[in-house]
Amino acid sequence: MNAGTLDRKISVMAYQEVKNEVGAMEQKPVELFKPWARVEPARGREYYEAQKIKEADAYKITIRYRKNVDDSMLIKYGSRTFEIQTVTDPYEAHESLEIYCTCKHRGASNG
């Protein structure tokens with residue numbers, strides 16, 4: 001993996017129980033860590049498979065290897081929030097993680 005391609009700062013988030021203003025517990029996304037990443041649209045077969053999900057753009061996000069990333073988490077990049085679909089450790093080399101995710105179009109028209 002070429003570390004120079006990890007040129008975007010992202011936030012990896014997970015839902016956790018937190019107290020709200022009235023003291024009740026509720027599930028909210030909480031930032032876990034902020035790794036450097038490569039963010040790119042999915043291409044080829046990745047893109048074709050991802051288009052089965054309506055009104056969502058498919059992305060591949062690459063970060064350095066970590067044990068604690070799974071598909072229940074979210075990724076925040078700029079003003080966009082990505083839902084993780086799959087996390088892959090290429091060749092089980094423990095060097096990087098390829099995170100395939102979608103970014104839903106909020107308020108997109110169905111036309």
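A short reminder: the numbers here are calculations on the coordinates, not readings from a lab. All values reported here derive from a predicted model rather than from experimental measurement. Cβ placement follows ideal geometry from the backbone for every residue including glycine, while neighbour counts extend to all protein chains displayed.
Beyond a 23 Å Cα-Cα separation, which of these cross-linked pairs lie in this structure: 60/104; 19/67; 34/67? Write down the numbers at each step before the final one.
Values: 60/104 14 Å; 19/67 28 Å; 34/67 15 Å.
Those over the limit are 19/67.
In angstroms, what radius of gyration and Dmax does region 3-104 have, counting Cα atoms only?
Reported Rg and Dmax, both Å: 14.7, 49.
Return the sequence-ordered ³J(HN,Hα) values of region 12-18 in whole Hz as given by the Karplus equation 6.51 cos²θ - 1.76 cosθ + 1.60 applied to θ = phi - 60°, using x for Gly and Pro.
9, 10, 9, 6, 9, 7, 9
Sort 87-97, 31-41 by packing, meaning the average of other beta carbons within 10 Å per residue, with the highest value first.
On the way: 87-97: 13.2, 31-41: 15.5.
Peptide ranking by packing, descending: 31-41, 87-97.
Evaluate the charge dipole of region 1-40 about its Cα centre and quote only its size in Debye, nearest 20, assuming +1 on the Cβ of each Lys and Arg and -1 on the Cβ of each Asp and Glu.
On the way: 6 positive and 6 negative charges, 36 e Å.
Result for region 1-40 is approximately 180 debye, rounded to the nearest 20.
Name the long-range amide H neighbours of residue 42: under 5 Å, sequence gap of 5 or more, or other chain; modelled H, no Pro or chain starts.
Placed amide hydrogens put 58, 59, 60 under 5 Å from residue 42.
Taking θ as phi - 60°, what are the ³J(HN,Hα) couplings along region 78-93 by the Karplus curve (6.51, -1.76, 1.60), each to the nearest whole Hz, with x for Gly and Pro?
x, 9, 9, 10, 10, 9, 6, 9, 8, 10, 10, 9, x, 6, 6, 8
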